[in-house]
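The values are calculated or read from the model by the stated rules, or taken from the named source; none is laboratory data. Because the structure is predicted, anything quoted here is derived from the model rather than measured. Backbone-built Cβ (ideal geometry, glycine too); neighbour counts: all protein chains shown. Protein only, heavy atoms only, side chains kept; ligands, DNA and RNA dropped before computing areas. Shrake-Rupley method; radii C 1.70, N 1.55, O 1.52, S 1.80 Å.
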Amino acid sequence: MNRVITEDPSKRTPLILGGHDFKGISDLVVKPIEAKAPKWWHIALAFSFSLLMLLLSMIGFLIWEGVGVWGLNNPVSWGFAIVNFVFWVGIGHAGTLISAILFLFRQKWRTSVNRFAEAMTIFAVICALVFPGIHVGRVWVAYFMFPIPNQMSVWPNFRSPLLWDVFAVSTYFTVSLLFWYVGLIPDLAVLRDRAKTKIKKVVYGIFAMGWTGGNRAWQNYERAYLLLAALAAPLVLSVHSIVSFDFAVSQVPGWHTTIFPPYFVAGAIFSGFAMVVTLMILARQLFGMKDIMTMHHLECMNKIILATGTMVGYAYGMEFFTAWYSGNEYEAFAFVNRAFGPYAWAYWIMVSCNVLFPQLFWFKKVRTSIPAMFVISIIVNIGMWFERFVITVTSLSRDFLPSSWGYYSPTWVDLCTFLGSFGLFFTLFLLFLKFLPMIAISEVKGVMPEAHAHDHEAKEGH
Amino acid sequence: MAEVNKLNGFLEKRFPKIALVVGIIGICGAIILGREDSTQFFYSYLVSYLFFLTISLGALFFVIIQHLTRAGWSVGLRRIPEHLMANLSLMAVLFIPILLGLHDLYHWSDTAEVLHDALLLKKAPFLNVPFFIVRAVLYFASWIWLARFFFKNSTDQDKSGDKGLTLSMQKVSAVAILIYALTQTFSAIDWIMSLTPHWFSTMIGVYIFAGGILTSICTISLIALLLRRFGYLRETINVEHYHDLGKLIFGFVIFWAYIGFSQYFLIWYANIPEETEWYLHHISGNWNTFAIFIIVFHFVVPFFLFASRHAKRNLKLHTGVVLLLITMHFFELYWVVMPNFSHHGIHVSSLDFLCFLGIFGIYTSVLFFRMGKFSLYPLKDPRLKESQDFINH
Amino acid sequence: MNWDGLMEKKDISNEEELFLFPKWTNGVPLILALSAVIGLCTVVFVFWYWFSPKNFNIGFAPEQPIEYSHELHAGQLGIDCRYCHVNVDKGPAATLPSTEICMNCHSVVKTNSKEILKIRESFSEGKKIEWEQIHRLPGYSYFDHSQHVNSGVSCVSCHGRVDLMERVYQVEPLSMGWCLECHRNPAKNIRPKKYVTDLSWKTENPEQLGKELIKKYHINPREDCSACHR
Amino acid sequence: MAISVIGEFKDPTELLKAAKQTRKAGYEAFDAHSPFPIHGMDDAMGLKGSILGWVVLCGGLTGCVAGFGLQAWVATEAYPLVISGKPLFSYQAFVPVTFEVTVLFSAFAAVFGMFGLNKLPQLYNRLFKHKSFSKKATSHGFFISIDSELSDDEVSIVEFLKSIGATNVSGVKE
């Protein structure tokens, strides 16, 4: 055979480049924390922080004036708040996917990205939590959503999908935080042991909990990590499924379709991976982490973006086919209206960003080109925001009664709030980059070839 | 490694023949008895047919996904799903009786009836006999092409050891998965969803896929265990691989339950007549008890049994769970298909057994006949060593 | 501010100085965990139990602009509630009596009393008397007196023995939970309609009688949100 | 007075070997410290499997029962309201929250169970008094620590650790 063999399938691509030893890895990862923050970091933080202030002032304005400052009205009673909520929750999913599901699938390349992605998850979920919190109208009675005994003898309605959201998203946030923190403990101990000042010793010391790296502790630790991964994997599926239930349990054409749960999950992973790629490209460039976050990692991520993008495309297609196949005229109209109605512009932005552009990742050239993947990952994020917009708004603006049809457009408050949520996200993210290790130090060491003890004696217990 | 890589003795020579005889007896018996009640015959036949089809299709998916993800751990056991998927050509032949029974099975194929049914009239451009046949040909053509491609490249590698074959399979696997997704979905719509032609669900393709892939992995495990009993593949497929298969089975048990529940739940909650119809049929009479039975033994029991690491690695327990799940897959398909025929409750017919026996015999016979001709594992796959060294941490 | 620079003075990179947490710190986490759990439970309990109308509102007895005694009028003199609160069986509000109603009697009775002078003043100048509201329902709720009174719910069920009060005070919490309690199980608060304003009325087996009356009057108290929050 | 003796080893392979020898020499209160978990170490140290799985199972079952019980009680007893024509006891609708609470309780059991089993947080630990240990154990050093209740054992343990190839051997007191 004359086939050119481009790679040797019996060899695996190395996960870490640059020939670092254990100490070298610690030095490399801890460097941004120990060194003085670069200028761009200060500028970026100032910029994000001002956006965060914009968010806070918009929230203050909203509470002061009432929900009327948003563009919501009949018939579109759900607008930016839910769109942004689903968008941010979706972004968050990639973190859990990378840490939990890839861990269960033994995808060792995850070790270079998981810390980073988990942090992103937590900050994205915080951004998401803002929106249901502020859209309830009377914010000060938001505690009604939780089953707390009260003198009104009122309890939440557990048959409402919105309440499932409360439980799903708060559980998701809690478990992600625990998972992230458990992963951080050994690395915090590294920071504690390297700290040069007393305040750092104390702060990192408290959070490292006195970790000594003893194997008796590692044993329980590894089991806990595995169990958390096994719990987080179905959790992440359930969370976006439940978010999809918000729409799908209703009878609104275009919302009520049975493929929604897995379709939303695929979309969430899709958008989250795109966000991770965007951030990773910047971080590895700016902090010099190219030996750990290698091109191989980025390529793996891009392949997943391609795969999930295609799944989302499959779901779009199935919805259209079934709308026709159902023979139900409302169902069919909802989808024709999406593609050719007043919001056709949003629909076509969504389709091209989510289905067409990621197809470029079929080419290895594109998959391994930094500028190309940077642009595509941002396009995907835009597309996924529009997906939520299309789903929410098109169906509501054209419901069963033509007399009540309407057209929704956001107000400046809507737009500024959305913009401000990026401020919250990036402020938290920049602080994370400066004060915590952006790569899981102990996990990366664990997948290095030197980490395997060569046991020359007979294998025990196998 | 001194592993025997060829079947010999009973499994190679006598077993396929015995299976063939069993199969022919089953089919002949079914045909003779089925003349009394052709509709019952075709429904019973469809259930058994779908059971084996989903196993082969699941195996095809399993092989494709192993190449797509460049998996190393599974190389040693990959030949088993390769054989299972190669049976898709057989499934194409076995599809002919269903074409003969179109009028008994599919209400929409009756053109006179369709004229009086506004909904079916709307669907007629899709649900009509010629287009149905064209689609079926298309599905089988693409499946057989894919199965042959992966089978041939893999077995060729046994002789040549050409690493390029692995690369070309990896390349094709990406496109293969797209073709697979579309054909699998539409075949589920055609052959299962259109049994109740008014009903619709966007999830049906994924639902049938979930059950199929789960059962397929169980079958892989079961065949490996069978071969192990006869002394084959004791080293190439060791307890670590069974552990890993167990994890996949565990995962897909959850996935199946997730998809099944989501579909039911959304329809239950929205409570729209055109959708609830399907579930109402499937829980009327003792079908309801049957549904609960499926939930318990297709999900709850295997979930708790396979949650522990110990159970996945204990080969006796492993065999038990795998057998249970395979049986439950048959019952699940029975529950999906049969209420369209016996509306008010379970009606057990001897045809159910005979049809199953018939297809089972022929399927197994062809499977083991082909197995005898090739190495039992990919002898020269570049990742074979990785597979053998693999340990679950 | 440069935190790193600030801390430079306490540099402990020196080999001799090894930073160690003092030994007592090992006990802190347990205390923190316990106090967090106990603290959380306390907060919920305090808000749920303590900060409820049961503790805040019962016994509320503001000073009124006129020292009017229900004990005298409704109790000793036996004036029917409806004589003054004219609208109580006709519309949503029980209505406070107008000055004219007082003047029906007080144009002749005790005309020189200090308190009555205030009424005369109000009457002659047309200025209303600024009574203090005692019974206040939770926000955003709608309550109809006539609906209750005409179903056989006595005044005493919500307002207590006003006929024994020198100055009126609140006896029931009037919280949503309290309303719901009766809406779910109204039997013990239903009596024959003619005894509705007879605050001292008693019967052998009120529960049994209530059940019969519920059937007779076709009483079906609503429990859904829009019953009160309309 | 309780003491610990700490010795340093070159790499994971050496540490694994040392752990085996320590166990063989009859020491029970010892631990092998490394910046990352080393595969095969549990066997080398003769540790039984972690019981955390059972803790999590208990947590999960508690969560499952609590979650479902709360919803059933709220819907049928505490605040019975008919909503969108669904029966009060709509167990289907309780599945999402039951699942979430189960996961939440299991996760708490996993994390706090792990803390409990590992006796964390333990900010003060005499091991940190060992200079080399406190600098390298979490980053790139491999150590064996042996505990003893009697300070008289110090000399013999030091001798032992040196004999199996340890460097930087010294004891730390409470």
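Of a type in the set (A, V, I, L, M, F, W, C), without any contact (Cβ under 8 Å) to a residue 12 or more places away in the chain, surrounded by fewer than 19 Cβ atoms within 10 Å (Cβ to Cβ) and in a helix (DSSP H, G or I), is that true of B:Val296?
Numbers: of a type in the set (A, V, I, L, M, F, W, C): yes; without any contact (Cβ under 8 Å) to a residue 12 or more places away in the chain: yes; surrounded by fewer than 19 Cβ atoms within 10 Å (Cβ to Cβ): yes; in a helix (DSSP H, G or I): yes.
In short, yes.
Evaluate the range A:9-25: report whether one residue or more is of a type outside the set (D, E, K, R), modelled with pLDDT of 90 or more, crowded, with 19+ Cβ neighbours inside 10 Å and in contact with a Leu (Cβ under 9 Å, 6 or more places away or on another chain).
Scanning the range A:9-25 turns up no residue that is of a type outside the set (D, E, K, R), modelled with pLDDT of 90 or more, crowded, with 19+ Cβ neighbours inside 10 Å and in contact with a Leu (Cβ under 9 Å, 6 or more places away or on another chain).
Those residues that are more than 24 Å from B:Ala71 (Cβ to Cβ) and not in a helix (DSSP H, G or I), I need them from the range A:293-329; list them, please.
Scanning the range A:293-329 gives A:Ser326, A:Gly327, A:Asn328.
Residues A:Ser244, A:Ser176, A:Ser170, A:Ser238: which one is under 30 Å from B:Ile254 (Cα atoms), among the small types (Gly, Ala, Ser), within 27 Å of the chain's Cα centre (by Cα) and open to solvent by 30 Å² or more (accessible area, probe 1.4 Å)?
Residue meeting the stated conditions: A:Ser170.
Can you give me the number of residues within the range C:151-170 that are free of Cβ contacts under 8 Å to residues at least 24 places away in the same chain and among the hydroxyl-bearing types (Ser, Thr, Tyr)?
0
If I ask for residues that are polar (S, T, N, Q) and within 14 Å of chain C (Cβ to nearest Cβ), which ones from the range A:132-188 would you list?
Passing the criteria: A:Asn150, A:Gln151, A:Ser153, A:Asn157, A:Ser160.
Report yes if some residue within the range A:379-398 is loosely packed, with under 15 Cβ neighbours inside 10 Å and over 17 Å from the mean Cα position of the chain (by Cα); otherwise report no.
No, there is no match, as no residue in the range A:379-398 is loosely packed, with under 15 Cβ neighbours inside 10 Å and over 17 Å from the mean Cα position of the chain (by Cα).
What about A:Phe87, is it on the phi < 0 side of the Ramachandran plot and more than 14 Å from chain C (Cβ to nearest Cβ)?
When the stated conditions are applied, A:Phe87 passes them.
Can you give me the number of residues within the range C:48-70 that are polar (S, T, N, Q) and under 30 Å from C:Cys84 (Cβ atoms)?
Count: 3.
In the range B:152-178, what residues are within 12 Å of chain A (Cβ to nearest Cβ), open to solvent by 10 Å² or more (accessible area, probe 1.4 Å) and either assigned to a loop (DSSP other than H, G, I, E, B) or of a type in the set (A, V, I, L, M, F, W, C) (or both)?
Residues satisfying the conditions are B:Gly161, B:Asp162, B:Leu167, B:Ala174, B:Val175, B:Ile177, B:Leu178.
Quick one: how many residues across the range D:60-72 are at the interface with chain A (Cβ under 9 Å from one of its Cβ atoms) and open to solvent by 70 Å² or more (accessible area, probe 1.4 Å)?
Looking only at that region, the number is 0.
Please specify each residue of the range C:85-139 satisfying the condition of being open to solvent by less than 40 Å² (accessible area, probe 1.4 Å), among the hydrophobic types (A, V, I, L, M, F, W, C) and part of a helix (DSSP H, G or I).
C:Ile101, C:Cys102, C:Met103, C:Ile116, C:Ile119
Looking only at residues that are among the β-branched types (Val, Ile, Thr) and more than 17 Å from A:Leu235 (Cα to Cα) in the range D:80-100, which one is nearest to the other protein chains (Cβ to nearest Cβ)? Can you show your working first?
Restricting attention to the range D:80-100, the residues satisfying the condition of being among the β-branched types (Val, Ile, Thr) are D:82-83, D:95, D:97-98.
If we keep only those that are more than 17 Å from A:Leu235 (Cα to Cα) too, we end up with D:82-83.
Working: D:Val82: 8, D:Ile83: 6 Å.
That would be D:Ile83.
Kindly indicate which of B:Thr236, B:Thr289 is part of a helix (DSSP H, G or I) and more than 24 Å from the chain's Cα centre (by Cα).
Unique residue meeting the criteria: B:Thr289.
Within the range A:112-120, does at least one residue satisfy the condition of being open to solvent by less than 10 Å² (accessible area, probe 1.4 Å) and more than 28 Å from A:Glu299 (Cα to Cα)?
Checking the range A:112-120: not a single residue is open to solvent by less than 10 Å² (accessible area, probe 1.4 Å) and more than 28 Å from A:Glu299 (Cα to Cα).
How many residues, within the range A:406-450, are outside any helix (DSSP H, G or I) and buried (at least 16 other Cβ atoms within 10 Å of the Cβ)?
Final tally of qualifying residues: 9.
Quick check on my filter: what residues within the range A:1-60 are of a type in the set (Val, Ile, Thr), assigned to a helix (DSSP H, G or I) and under 17 Å from A:Ala283 (Cβ atoms)?
A:Ile25, A:Val29, A:Val30, A:Ile33, A:Ile43
Output the number of the condition that A:Leu282 fails; it satisfies all remaining conditions of (1) within 25 Å of A:Trp41 (Cα to Cα); (2) in contact with a Gly (Cβ under 7 Å, 6 or more places away or on another chain); (3) of a type outside the set (Lys, Arg).
Going through (1) within 25 Å of A:Trp41 (Cα to Cα); (2) in contact with a Gly (Cβ under 7 Å, 6 or more places away or on another chain); (3) of a type outside the set (Lys, Arg) one by one, A:Leu282 breaks only (2).
With the requirement that a residue be under 19 Å from A:Ile206 (Cβ atoms) and open to solvent by less than 20 Å² (accessible area, probe 1.4 Å), what does the range D:77-114 give you?
Hits for the range D:77-114 are D:Val111, D:Met114.
Residues being in contact with a helix residue (DSSP H, G or I) (Cβ under 6 Å, 6 or more places away or on another chain), over 30 Å from A:Phe247 (Cβ atoms) and among the aromatic types (Phe, Trp, Tyr): count how many of those fall in the range B:288-320.
Of the residues in the range B:288-320, 3 are in contact with a helix residue (DSSP H, G or I) (Cβ under 6 Å, 6 or more places away or on another chain), over 30 Å from A:Phe247 (Cβ atoms) and among the aromatic types (Phe, Trp, Tyr).
Taking the range D:5-16 as the search range and keeping residues that are of a type outside the set (Phe, Trp, Tyr) and more than 8 Å from chain A (Cβ to nearest Cβ), which one is surrounded by the fewest Cβ atoms within 10 Å (Cβ to Cβ)?
First pass over the range D:5-16, keeping only residues of a type outside the set (Phe, Trp, Tyr): D:5-8, D:10-16.
Applying the additional criterion that residues be more than 8 Å from chain A (Cβ to nearest Cβ) yields D:5-8, D:10, D:14.
Working: D:Val5: 26, D:Ile6: 28, D:Gly7: 26, D:Glu8: 24, D:Lys10: 13, D:Glu14: 17.
Ranking the qualifying residues of the range D:5-16, first place goes to D:Lys10.
Out of the residues in the range B:253-284 that are open to solvent by less than 50 Å² (accessible area, probe 1.4 Å) and not in a helix (DSSP H, G or I), which is nearest to the other protein chains (Cβ to nearest Cβ)?
B:Ile272
Please indicate, with yes or no, whether at least one residue in the range D:26-38 is more than 11 Å from every other protein chain (Cβ to nearest Cβ), among the aliphatic types (A, V, I, L, M), outside any strand (DSSP E or B) and open to solvent by 40 Å² or more (accessible area, probe 1.4 Å).
Going residue by residue through the range D:26-38, those that are more than 11 Å from every other protein chain (Cβ to nearest Cβ) are D:26-28.
When the remaining residues are screened for being among the aliphatic types (A, V, I, L, M), the result is none.
There is no residue in the range D:26-38 that is more than 11 Å from every other protein chain (Cβ to nearest Cβ), among the aliphatic types (A, V, I, L, M), outside any strand (DSSP E or B) and open to solvent by 40 Å² or more (accessible area, probe 1.4 Å).
Within the range B:103-151, track down each residue that is open to solvent by 40 Å² or more (accessible area, probe 1.4 Å), within 14 Å of chain A (Cβ to nearest Cβ) and either out of contact with any helix residue (DSSP H, G or I) (no Cβ under 7 Å at 6 or more places or on another chain) or of a type in the set (Gly, Ala, Ser) (or both).
B:Ala118, B:Leu119, B:Lys122, B:Pro125, B:Asn128, B:Phe131
Test of understanding: among A:Leu226, A:Leu231, which residue is facing another protein chain (nearest Cβ under 7 Å), at pLDDT below 95 and farther than 18 Å from D:Leu123 by Cβ? It would help to see each step written out before you state the result.
Working: A:Leu226 fails: facing another protein chain (nearest Cβ under 7 Å).
Testing whether each residue is facing another protein chain (nearest Cβ under 7 Å), at pLDDT below 95 and farther than 18 Å from D:Leu123 by Cβ leaves just A:Leu231.
Tell me yes or no: at least one residue of the range B:44-60 is open to solvent by 10 Å² or more (accessible area, probe 1.4 Å) and farther than 18 Å from B:Gln184 by Cβ.
For the range B:44-60, residues open to solvent by 10 Å² or more (accessible area, probe 1.4 Å) and farther than 18 Å from B:Gln184 by Cβ: absent.
Got at least one residue in the range C:142-165 being in a loop (DSSP other than H, G, I, E, B), modelled with pLDDT under 90 and loosely packed, with under 12 Cβ neighbours inside 10 Å?
No, there is no match, as no residue in the range C:142-165 is in a loop (DSSP other than H, G, I, E, B), modelled with pLDDT under 90 and loosely packed, with under 12 Cβ neighbours inside 10 Å.
Would you tally the residues in the range B:92-112 being assigned to a helix (DSSP H, G or I) and in contact (Cβ under 8 Å) with a residue 60 or more places away in the chain?
6
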